[in-house]
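Step one of this worksheet: look at the structure below.
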Amino acid sequence: MPVRTLFVFGTRPEAIKLAPVVLEMKKRPGLQPLVCVTAQHREMLDQVLRLFEIVPDYDLNLMRPNQGLEDILVGVFRDLPPVITKSRPDLLLVQGDTTTSFAAAEAAFCQRIPVGHVEAGLRTFDKYAPFPEEINRRLTSVLADMHFAPTAANRDNLLREGFPAERIFITGNTVIDALLRVAGRPFEFADPLLAKIPGRLMLVTAHRRESFGEPFRDLCRGLAALAERYPADTILYPVHLNPNVQRPVREILDRRPNVRLVEPLDYEPFVHLLKRAYLVLTDSGGIQEEAPGIGVPVLVMRETTERPEGVTAGTVKLVGTSTERIVAEAARLLDDPAAYRAMAQAKNPYGDGHASERICDIIEKKLSLE
Ligand code: UD1
Ligand code: UDP
């Protein structure tokens, strides 16, 4: 009997990071992947499922407009247990730090199903930043039986918290598997607005809950000031669908000649824009991991990060959300070629693109023995 793994995920980044694991597992006769999406995201999840040609076995279809964290928890706790009962997995696999990940791990625990946690051991040690992800990730660690840590530093965090060494595996981050799969393929932009971008491209994404309100507006004002200061260059911002993001972004950044606000992009064009970008301004977790591999400087518009490896490698810099700091740090890179060169180095601390194979090897070896 093949080992049955039930993948549970719900948002765009979880899908990007678990797709390579699902696809690797499908190749192995000893392993049987089953996919349940909570659809905590809908459109942004479906974009990724289409690209990787993954058809979920179960779809909880939970997304509601402007949903609260409790809505997601209640939805997963209500709708996932029957799926677990029906699919009878040997292992339930979750990824990262979303509310879907934590809730699914808890639901598995309630039925005494072992839990595997992909991208385990990242920490800021600040309960409210990122919010609610730091706590989601820690709670998932407590529930997990197998911890797939991307880096040695992530493993060390888990060891310090008392998790047994024999249950922690350093694998690299599966985002690099996804990135290499997509970045290496020839690609033509279908949209002429993406094919031709005037000047230097500043690629922007931002969506963090802990920044909502005035910090997020400050961040937008920083982008507006940058656009004014560098009229020959282009700011391209695929705007996250969360209404708490859409509202201030449209209010502050709409109708500026060199700011392009677009819908969330499919992963493939996004990666190819990342390769073309002069500079990235973001608060995304995944992009902090992808950009160092590509060698594009990243300014992280957050106060803290659970991904210090990119900062140590020199490609990533934490700049917070203040208008003045965002403008000053971006201007330094746009005006000072030496400062730019120092940051534009391709160093990839997150693995070799074979994390999914390692994860499947470990699951196959451990679970077929039990
Ligand atoms: C979630 C995760 C966050 C992750 C982010 C990736 C939690 C608490 N947050 O945050 O860790 O970094 O995803 O993007 O798990 N929406 C749509 N269509 C979509 C997606 C979202 O309309 O495809 C809108 C809906 O109104 C939804 C809202 O965005 O209610 C918020 O989505 P939600 O998943 O709750 O939070 P995110 O901020 O996306
Ligand atoms: N991404 C994408 N389209 C976009 C913006 C981002 O495909 O328009 C990808 C990006 O390359 C990365 C992931 O989405 O792999 C990051 O997702 P997000 O920023 O939503 O979440 P986080 O990583 O912060 O949890």
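Miscellaneous remarks
- Degrees separating the helix 323-335 axis from the principal Cα axis of the chain, which is the longest one: 80 degrees
- Using a probe of 1.4 angstrom and keeping all protein chains present, the accessible surface of the range 137-177 works out to 38 square angstrom per residue.
- Scoring 151-157, 34-40, 112-118, 62-68 by mean Cβ neighbours within 10 Å over their residues and listing the highest first yields 34-40, 112-118, 151-157, 62-68.
- Whole-Hz Karplus values for the range 260-274 come out as 10, 9, 10, 5, x, 8, 4, 4, 5, x, 4, 5, 6, 6, 4 Hz, taken residue by residue from phi with 6.51 cos²θ - 1.76 cosθ + 1.60 and θ = phi - 60°; glycine and proline positions read x.
- The candidates K17, K317, K27, arranged from most to least accessible area with a 1.4 Å probe in the full protein assembly, appear as K27, K317, K17.
- Counting only heavy atoms of the protein chains and using a 1.4 Å probe, R332 has close to 100 Å² of accessible surface.
- Per-residue SASA entry for Y58, accessible area with 1.4 Å probe, Å² rounded to 10: 50 Å²
- Residues K347 and F189, FRET efficiency given R0 of 41 Å [Cβ-Cβ distance, rounded to 0.05]: 0.90
- Each residue of the range 23-36 was assigned a 3J(HN,Hα) from its phi angle through the Karplus curve 6.51 cos²θ - 1.76 cosθ + 1.60 (θ = phi - 60°); the sequence is 5, 5, 5, 4, 6, 9, x, x, 10, 10, x, 10, 10, 10 Hz, with glycine and proline shown as x.
- Of the solvent-accessible surface of the chain, computed with a 1.4 Å probe and all protein chains present, 54% belongs to carbon and sulfur.
- The range 246-332 shape via C-alpha gyration tensor axes, a/c threshold 1.5: oblate
- Surface per residue (accessible, 1.4 Å probe) for the range 11-115, Å²: 42 Å²
- Dividing the mean sequence gap of close Cα pairs (under 8 Å, 6+ apart) by how many residues the range 9-100 holds gives a relative contact order of 32 percent.
- Shape category assigned to the range 41-138 from the gyration tensor of Cα positions, a/c cut at 1.5: rounded
- Comparing E263, E357, E210 in a Gaussian network model of the chain, where Cα atoms under 10 Å apart are tied by springs, the biggest mean-square fluctuation is seen for E263.
- With a Förster radius of 45 Å applied to the beta-carbon distance between T85 and R332, the computed FRET efficiency rounds to 0.20.
- Accessible area in the full protein assembly, largest first, 1.4 Å probe, for F169, F109: F109, F169
- Accessible area per residue (1.4 Å probe, heavy atoms of protein chains only) ranks D352, D79 as D352, D79, with the largest value leading.
- With the helix formula -39500 (n - 2.57) applied to DSSP H stretches of n ≥ 4, the chain reaches a computed 222 nm mean residue ellipticity of -14500 deg cm²/dmol.
- Candidates G285, G96, G184: whichever shows maximal mean-square fluctuation once the chain is modelled as a Gaussian network with Cα springs under 10 Å: G184
- Think of each Lys and Arg Cβ as +1 and each Asp and Glu Cβ as -1; about the Cα centre, that makes the dipole of the range 281-366 roughly 140 debye.
- Share, in percent, of DSSP beta bridges within the chain that are antiparallel, nearest 5: 0 percent
- Tensor-based shape of the chain (alpha-carbon gyration tensor, a/c under 1.5 rounded, otherwise prolate or oblate): prolate
- Comparing mean-square fluctuations of A313, A190, A103 from a GNM of the chain with C-alpha springs under 10 Å, the top value falls on A190.
- The range 209-279-the range 52-87 distance, computed between alpha-carbon centres (Å): 30 Å
- Amide proton proximity set for I170, modelled H, under 5 Å, gap of 5+: A149
- Angle between the chain longest axis and helix 133-143 axis [Cα atoms, degrees, rounded to 10]: 20 degrees
- Our coupling estimate for the range 176-189, obtained by passing each phi through the Karplus curve with A = 6.51, B = -1.76, C = 1.60 and θ = phi - 60°, is 5, 4, 5, 4, 5, 4, 8, 5, x, 7, x, 8, 10, 6 Hz, Gly and Pro reported as x.
- Between the helical axis of 99-110 and the longest alpha-carbon principal axis of the chain there is an angle of about 10 degrees.
- Long-range HN-HN contacts of T205 with modeled amide H, under 5 Å: L281, T282, D283
- Two-site FRET efficiency, V262 against R64, from Cβ-Cβ distance with R₀ of 25 Å, rounded to 0.05: 0.55
- Distant-in-sequence amide contacts of L62, defined by a placed amide H-H separation under 5 Å and a gap of 5 or more residues or a different chain, comprise A39, Q40.
- Accessible area of F131 (1.4 Å probe, protein heavy atoms only, ligands and nucleic acids ignored): about 70 Å².
The values are calculated or read from the model by the stated rules, or taken from the named source; none is laboratory data. Given the structure is predicted, the values throughout are model-derived calculations rather than measurements. Virtual Cβ from ideal backbone geometry, glycine too; neighbours counted across all protein chains shown. Keep in mind that these areas ignore ligands, DNA and RNA; they rest on the heavy atoms of the full protein, side chains included. Shrake-Rupley method; radii C 1.70, N 1.55, O 1.52, S 1.80 Å.
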